[in-house]
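To start, the structure under review is shown below, and the notes come after it.
The values are calculated or read from the model by the stated rules, or taken from the named source; none is laboratory data. On a predicted model such as this, the values are computed, not experimentally measured, just so you know. Every residue, glycine among them, receives a Cβ derived from its backbone with ideal geometry; neighbour counts consider all protein chains shown.
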């Protein structure tokens, strides 16, 4: 079975130009890093060969591997339980387990520390002197898994719902137990969505600074920030950031390889699958879902609620900040989706070495920490695009640079599911490539575009480091408000903006986790 | 899709509306980059606007990140004033700062300003040893940081190794007693297994909670922690004599070279050093920094400049920027930041 392909002819300029322009803009931070690193090659090399750098590379790699493994395990298991089994309350768990996506990872880290850290709620509750330490690897793993496993959960759930259940049913009718069916039939078919989810998880972990800083885990991003923060020295920071880019390239290559091994099954018919009856495993499965939601959603919610209760008399509803967050994030979501479409269509419909490379390049800058992206845009905008500097447009652009891969993931998943036959028909009837894309492809892959845009929206709502440096002066978002209050230790007042951020983002997660719920029979 | 487009158009319009007011006055608005927290200094900006009628726009972020931003912006920086947390950040962009007039500089003792007059301190912060009052009396707290290497403090000391003010303290020790003795001290202290924290506030919180007994921090974090937990059992000990642990450092301000609103910028610096604003740190500011202008008393319980005058190491704050790299190497080699 092969993936049907269209447009074997030359890629039309009307797609190539916007795609190349978008990728070129996305690579600005990389250009900046090379410029800075080249400023003092000798020192750059010394930084590169420091023993420390190797240790950082190792500790970062270990963290990325562990977070990805944990996120895939949790994401896939919950996705399967809530779409394919009769676990009690499966619709509820499907949404609740996806909700941690709206919690910014730095808030997650604050909450985990507030709950399990020294002097935390648990310690007060138990009345003990000291708990096992949460700082370091385990704390970072927990907070980052919390923030990232929903990516896997959402993508895999959508794939499961879109998957023709005929194969699984055939296997079951041959007497295979559910777990065997899952391992031998379902899992291989899910490979692309697991790969895409794992990629988002890995890139997020590579770029995150908030968690590793609060949990005091020595990752590359922490070292990069420390270079900027205490040494004011841009060469070593740039060199370390380039190491991060190299690590990203390795991750992207791994993901591409795992894609190549996948056999594509025909889309078939998406319809509601018959649910596995879990029997005596029903209650353990329920306990598992409850544990995931309890640990990753209830714990942060309880901590935030406790802080809010402690400072409720001083709390002010951050309405203006909420409006700023929502508008900047919405603009970013639309811009990212628009920019992602030509790149994704080109890679999917005109497969060639260079179109795939273009698509991979779009991911390359995604693992750079926010400060690097912010400073690179400060440099280019202040010196070469004065009127844009410190404008809302530049901030939105920064969000697009950081989060475009999420829009790409959404668009690509839809493109893969929608065969190119209708497009071929439109071309045969004399429509030009651009008109075909606009009137046929885009409406067909609308769910994917919307899902990608929603993911970008959620990420932009949480973004902090680039927002701080690039926002127009006086433009306060919920994230900057949380930063402002936590930086003076006023957690009781930071709880409200954090909860508002979560409340405003939650409907989008609901939208993401309920999409693709097939009606009785729907043609895929 | 159409509904979404309509919604976006409305949002964009709304934003344009919000931004409209700012645009008009942009040409005579003073732009300040503030590494000092909004929660702490916003009242000063409001007062300046009221008093002078000059509009101020403030970009708040981390001091060092703002220094990096100013460096990247080069000659195109929209900033008129850089108001920073520490001498290091100001030192990092000193080439981009204009020399301040003598009468402004002379408001403050020369210990607390740049040797070439490019920035001036606006408030002081003393290094202290915060201690848990349930566990210790002030007399039981060592009089010198050099006594912290005593094995009886094993596992009971906390410090923020990546924090700029801690690093400034290590720089002061290096300049005072030399690199070798500083390295020895760092190694001996490391053998006492101190706990590392990301910032000053968590150190003080940990002392209050009894997680540790002693914390190496700046004096004013005590007041921030007490604002959140009024009964916290923690106090500051100001070390006597010329101990490096009694360093007094400053937050400061500089005017950018070629600033578009140079006059307003200078007025702002003068304003920060006027008696009334210096009193702000005594009377209003929660964090109780030390006023730097002669004759203004600090908040009760905080030592005056005169009391601090003879204390602390005799070091030049404006050299801290250049010395920082060596300090960081030392901290890295002795395992504090790696």
Mind listing whichever residues of the stretch B:55-89 are in a helix (DSSP H, G or I), at the interface with chain A (Cβ under 7 Å from one of its Cβ atoms) and in contact with a strand residue (DSSP E or B) (Cβ under 8 Å, 6 or more places away or on another chain)? B:67, B:69
Counted residues, the stretch A:326-371 - those being surrounded by 24 or more Cβ atoms within 10 Å (Cβ to Cβ) and not in a helix (DSSP H, G or I): 2
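Per-residue answers, yes or no, for (1) within 11 Å of chain B (Cβ to nearest Cβ); (2) part of a loop (DSSP other than H, G, I, E, B); (3) in contact (Cβ under 8 Å) with a residue 24 or more places away in the chain:
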{"position": "A:451", "(1), (2), (3)": "no, no, yes"}
{"position": "A:456", "(1), (2), (3)": "no, no, yes"}
{"position": "A:476", "(1), (2), (3)": "yes, yes, yes"}
{"position": "A:480", "(1), (2), (3)": "yes, no, yes"}
{"position": "A:493", "(1), (2), (3)": "yes, no, yes"}
Quick one: would you say residue A:489 is surrounded by fewer than 20 Cβ atoms within 10 Å (Cβ to Cβ), at pLDDT below 90 and not in a helix (DSSP H, G or I)? no
Looking at the stretch B:187-202, which of the residues that are assigned to a helix (DSSP H, G or I) and within 11 Å of another protein chain (Cβ to nearest Cβ) is farthest from the chain's Cα centre (by Cα)? B:202
State whether one or more residues within the stretch A:31-38 are modelled with pLDDT under 80 and more than 29 Å from the chain's Cα centre (by Cα). no
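Quick grid of which residues meet (1) more than 14 Å from chain B (Cβ to nearest Cβ); (2) surrounded by fewer than 19 Cβ atoms within 10 Å (Cβ to Cβ); (3) within 27 Å of the chain's Cα centre (by Cα); (4) over 30 Å from residue A:376 (Cα atoms):
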position	(1), (2), (3), (4)
A:179	yes, yes, no, yes
A:197	yes, no, yes, no
A:201	yes, no, yes, no
A:211	no, no, yes, no
A:238	no, no, yes, no
When you scan the stretch A:422-432, do you find a residue that is in contact with a helix residue (DSSP H, G or I) (Cβ under 8 Å, 6 or more places away or on another chain), away from chain B (no Cβ under 14 Å), closer than 28 Å to residue A:366 by Cβ and touching a residue at least 12 places away in the same chain (Cβ under 8 Å), even just one? no
Report yes if some residue within the stretch A:242-249 is modelled with pLDDT of 75 or more and over 22 Å from the mean Cα position of the chain (by Cα); otherwise report no. no
Could you pull out the residue among A:61, A:89 that is touching a residue at least 40 places away in the same chain (Cβ under 8 Å) and on the phi > 0 side of the Ramachandran plot? A:89
Single match in B:82, B:48, B:112 (criterion: closer than 20 Å to residue A:389 by Cβ and in contact (Cβ under 8 Å) with a residue 40 or more places away in the chain): B:82
Would you confirm whether any residue within the stretch B:217-228 is part of a loop (DSSP other than H, G, I, E, B), in contact with a helix residue (DSSP H, G or I) (Cβ under 6 Å, 6 or more places away or on another chain), away from chain A (no Cβ under 14 Å) and within 27 Å of residue B:305 (Cβ to Cβ)? no
